[in-house]
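Student: Take a look at the following structure, please.
The numbers here are math on the coordinates, done by the rules we state, and not lab data. Quick caveat, the model's predicted, so the values are computed rather than measured. So basically every Cβ, Gly included, is an ideal-geometry build from the backbone, and we count neighbours across all protein chains shown.
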Amino acid sequence: MEGTTVQRPHATAALACSASLILAALTACGSTPEADTRKPTSPDHVTAQAGSATSVHVMWEPATDNKAVTGYEVYRNGERVKSVAAAKVMTDVDGLTASTAYAFTVRARDAAGNLSAPSAAATVTTPAPAPADHEPPTRPVKLRGTADGSRAANLSWGGSTDDVGVTSYDIYQEDSRIHSVPGTQTTAHLTGLRPGTVYTFTVRARDAADTSSPDSNALDLTTASAPGAPAGTAPSDLRISNRVQGKEYVIDLDWKQPGTGGEIPAYQLFMDGRLTTTIVWGSTPPAGRASYRLTVSDPRGTRYSMKIRAELPDGKWGDFSAQRTVVLGD
């Protein structure tokens, strides 16, 4: 019989089954990851503080997400006015009107674009325009504090004075503002710190003209180590001095080396947050205290923030020392 194909029932069923299996396999191979539809948590403890008659400083505690928080949206009276990166938990909102009440909320955002519910509102009223203020506040004095466990610290200081009035105190950690409190308050509770880490804090007073005082004395605090963590690897007691040498300045550093169970072959020196040089010993590494000298040609009054860290015997870099500030000619 020419051109005739006979298809048996059981063959038809087998072909259908095979097609189903192939389709299922293709579907499985080409499946897409489940979409992220879970919203981050709302930021907690939002505060709003008037920095001047036309600006407000907003702060909050970090939010959490099942994957990662990628940023925050700040709202003024329900209208979005700022977007900030996930690493920041504060921002200044400018261009406000004097003697006006405002309500600020914050929402967290994740990589999928999910927004948290708005935080509780923080209300603030901007003050009346201040009279002309040409003098900065005096520096805060006697900054002191203690670590509060492994992730927090408590600070206190002596108040500043100003010809018009101190509106706030700003807490700095390695030259970055991390917290602010009202001008009537001379204490601060800092959270979100890392265990077993050396922190260097300073405080500046600010007036209604947004003019800041000089830094307070620097305070070094070390948070408690996490359970089971190795001993600290940060160099300690970093001391810095400088002197004139012809048309240049010589900067001398010396420090107590950390106990690492072996020789420390090198150190990295950071100036103003940037790696400046790697200190490598030309012979046997020193025991006890170590020292280093460098020469700079910047003018008198130039300010540097400096810190160091050691290369550990296993080749990794240890923790940073406390940061120190030096001003050429001082």
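Student: Taking amide hydrogens as modeled 1.01 Å from N in the peptide plane, which residues meet the under 5 Å criterion relative to SER150, leaving out close sequence neighbours?
Tutor: HN-HN under 5 Å from SER150: ALA224.
Student: Which value in nm describes the separation of the simple spin-label points at ASP298 and ARG239, placed 7 Å from the Cα toward the beta carbon?
Tutor: 2.3
Student: Compute the angle between helix 9-29 and the longest alpha-carbon principal axis of the chain, please, reported from 0 to 90 degrees and rounded to the nearest 10.
Tutor: For helix 9-29, the angle is close to 10 degrees.
Student: While we're here: I need the calculated FRET efficiency for the pair SER156 and ARG177, taking r as the beta carbon distance and R₀ as 25 Å, to the nearest 0.05.
Tutor: The computed FRET efficiency comes out at 0.85.
Student: Still on this structure, I have one more. Between ALA266 and ARG144, what is the label-to-label distance in nm when each label sits 7 Å out along the Cα-to-Cβ direction?
Tutor: My value for the distance between the label points is 4.2 nm.
Student: From the phi angles alone, apply the Karplus equation (6.51, -1.76, 1.60; θ = phi - 60°) to segment 272-280 and give each ³J(HN,Hα) in whole Hz, x where the residue is Gly or Pro.
Tutor: Rounded to whole hertz, the list is 6, x, 10, 5, 9, 7, 9, 8, 10.
Student: Got a sec to turn the phi values of segment 102-119 into Karplus ³J(HN,Hα) couplings, 6.51 cos²θ - 1.76 cosθ + 1.60 with θ = phi - 60°, whole Hz, x for Gly and Pro?
Tutor: 3J(HN,Hα) across segment 102-119, in whole Hz: 9, 10, 10, 10, 9, 10, 8, 10, 10, 5, 7, x, 5, 10, 5, 5, x, 5.
Student: Could you sort 273-286, 40-53, 248-261, 78-91 so that the peptide with the highest average Cβ count within 10 Å comes first and the rest follow in order?
Tutor: Top to bottom by mean Cβ count within 10 Å: 40-53, 248-261, 78-91, 273-286.
Student: For SER225 and ALA87, what is the calculated FRET efficiency with R₀ set at 22 Å and r taken between the beta-carbons, to the nearest 0.05?
Tutor: Efficiency for this residue pair is about 0.40.
Student: Sorted from largest down, give the three principal axis spans of the alpha carbons of segment 236-327, whole angstrom values.
Tutor: Computed over the Cα atoms, the extents are 41, 25, 20 Å.
Student: Let's test the formula: R0 of 22 Å, r as the Cβ-Cβ distance of ARG80 and GLU34. What FRET efficiency results, to the nearest 0.05?
Tutor: Given R0 = 22 Å and the Cβ-Cβ separation, E is 0.15.
Student: Which entries of LYS88/LYS247; LYS142/LYS307; LYS88/LYS307; LYS82/LYS307; LYS88/LYS316 show an alpha-carbon separation above 31 angstrom in the structure shown?
Tutor: LYS88/LYS247; LYS82/LYS307
Student: What is the set of long-range amide H partners of THR233 at a cut-off below 5 Å, with H atoms built 1.01 Å from backbone N?
Tutor: ASP319
Student: Another question, then. Does anything in segment 219-260 have its amide N under 19 Å from the 7 Å Cα→Cβ label point of SER291, and if so which residues?
Tutor: So the set is 235-246, 249-258.
Student: Now a separate question. Need the list of aspartates and glutamates near LYS39 for cross-linking: C-alpha distance under 17 angstrom, and skip anything on the same chain fewer than eight residues off.
Tutor: Hits, sequence-local ones excluded: GLU61, ASP65, GLU73, ASP110.
Student: For HIS179, which sequence-distant residues (separation of 5 or more, or a different chain) have an amide H within less than 5 Å of its own amide H, given hydrogens modelled in the peptide plane?
Tutor: Amide H neighbours of HIS179, under 5 Å, 5+ apart: ILE171.
Student: Hey, another quick one. Just want to confirm a number: the relative contact order over the chain, from Cα pairs under 8 angstrom separated by 6+ residues, in percent.
Tutor: Once normalised by length, the contact order is 12 percent.
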